[in-house]
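Values quoted throughout were computed directly from the atomic coordinates according to the rules given, and no laboratory measurement underlies them. What you are looking at is a predicted structure, and each value in this text was computed from that prediction instead of being measured. For neighbour counting, all protein chains shown are included, and Cβ atoms are generated from backbone atoms with ideal geometry for every residue, glycine included.
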Amino acid sequence: MKFIDGSITSVPGVLASGVHAGFKPDKKDFALIYFPEGATIAGVFTLNKIYAHHVAYCREALKEHTKFKALAVNSGNANACNGYEGYQALLESTHIVADALDILPTEVLPASTGVIGSPFQANLIEGVMAEAKEALSSKGGAEANEAILTTDKMLKHQAYEVEISGQKITFGAITKGSTMIHPNLGTMLSFITTDIQAEQALLNQALGQATKLTFNRLLTDGHTSTNDTVLVCATGQSSVQLTEANYAAFVEALTEVCQDMAQRIAIDGGGSTKFITVQVEGAHSEEEAVQLGKYLARSPLMKATLSRSDPNWGRVSSGIGSSDIEHLDPEAIQVFFESERGSILVWDSNQFVHYLEEDARQIILEQEIVIRIVLNQGEHSASIWTCDMSEDFVEVTSKYARL
């Protein structure tokens, strides 16, 4: 896969814009993504049993329809836990967008992110729809990305090219996410576009597989959001048709796109200073590898220790033992700290390893580090992505209600 400058609008058949509507005091907070010829859309959503109104709406809409023409996304207000009034305001917003674009309300998918429990004002969207429509552009992906951010420190957008069935297809993506990130998505929205021709059923299947290996192996704080949404939108502008014959190649490409976006969320974890990969090898099963990796990745003890670049491997060893995986032999475990500066074995077969602490500290001083755990119980592995828990992390998270 080739990474290229761009975003969702690098894909033929996609226009986008980002404007300020008033959900936030002064930053862009409304993104409009438009597919003039329509797009086949598949989605996955939060597993939180308390979910935002747009999640309920989109789940049903995607069961009833396969093609849509617009995504309307606001930031600053989650429109979650707002009862009957919140859902009615969402319906009103879909009509506002549809009327402005001269399409059907059923061709609009809404999404929200921001503060939970704040009354949702559809009139804010009405006030800027003319501006958002006028600003629609094949270069508007970055503006749309800016408009969906909350506590994010950086934009997360990219375009990609890959060859499938001997021909080039294009992907584009924009993502937001920083805090309230836990496997089964997180406080995150991700919108992925591609020009492949696809039926919704195969697209759904592919997205499910890609999400399982990427967004569902990401966490920053162990808290699952009410609003998590990933949508993949296929404009069909390419001559390539998604079939059973090229399905595996497409899934591989989509997984790479999702992994890139997921890792950018971990790198941007609210106030974090380190991107951490917990890499589990030699597990009895993939399920146990994931279970152990997730347990460590949400450990505040380990994350706080790594924030100070303290090579206290005891935080790791105690976490391994607390993870409750069935197939575990302390006499067989090895733990390594790794980064661009090298690799060092810090715990081996339940025994202390003689090494220079300063050597280990130098390795984890890097912004990107790997905690590699070899269980020697089988041939399965998994990587989980997270971030450290710094003082700034607490600061950013505690101020979320004042976006």
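General remarks:
- Put a dot 7 Å past the Cα of Ser343, heading toward its Cβ, do the same for Asp310, and the two dots end up 2.7 nm apart.
- Full extension of the chain segment joining Glu37 with Arg361 gains 111.2 nm, where the gain is 0.36 nm per residue of separation less the Cα-Cα distance.
- Both radii were evaluated on the Cα set of the stretch 35-194; the Rg over Rh quotient, with Rh as the Kirkwood radius, amounts to 0.95.
- Backbone N under 11 Å from the Glu85 label point (7 Å along Cα→Cβ), restricted to the stretch 121-160: 121
- Projected label points at Ile50 and Asp102, each 7 Å from Cα along the beta carbon direction, are separated by 4.4 nanometres.
- The stretch 196-217 and the stretch 1-17 have Cα centres separated by 19 Å.
- Using alpha-carbon coordinates, inclination of helix 247-267 to the longest axis of the chain, degrees: 70 degrees
- Most positive-pole-ward Cα, Asn145, Phe23, Ala39, against dipole of the chain from beta carbon charges: Phe23
- Cβ-Cβ FRET estimate between Asp26 and Glu161, R0 fixed at 56 Å, reported to 0.05: 0.95
- Antiparallel DSSP beta bridges within the chain, as percent of all bridges there, nearest 5: 70 percent
- Exceeding the 28 Å Cα-Cα cut-off - candidates Lys2/Lys212; Lys69/Lys139; Lys2/Lys176; Lys67/Lys133; Lys24/Lys212: Lys24/Lys212
- Extent along the principal axes, Cα only, for the chain: 70, 50, 35 Å, with the longest axis given first.
- Applying both filters, DSSP loop and at most 14 other Cβ atoms within 10 Å, to the chymotrypsin sites (Phe, Trp or Tyr not before Pro) of the stretch 341-390 gives Tyr355.
- Distance between the stretch 57-117 and the stretch 279-339 - C-alpha centres, whole angstrom: 41 Å
- Three-way shape label, the stretch 1-109, alpha-carbon gyration tensor, a/c 1.5: rounded
- Rounded to the nearest 0.05, the FRET efficiency derived from the C-beta distance between Lys168 and Lys212 at R0 = 30 Å is 0.65.
- For the chain, the longest principal axis of the Cα atoms and the long axis of helix 53-64 meet at an angle of about 70 degrees.
- Folded to 0 to 90 degrees: helix 122-135 orientation relative to the chain principal axis, Cα: 80 degrees
- Computed on the chain, with alpha-carbon pairs under 8 angstrom and 6+ residues apart, the relative contact order is 18 percent.
- Computed lengthening from Ala332 to Ser285, 0.36 nm per intervening residue step minus Cα-Cα distance: 15.3 nm
- Applying both filters, DSSP loop and at most 14 other Cβ atoms within 10 Å, to the GluC sites (Glu not before Pro) of the stretch 271-332 gives Glu326.
- Added length on full extension, which subtracts the Cα-Cα distance from 0.36 nm per residue, Glu199 to Val353: 50.0 nm
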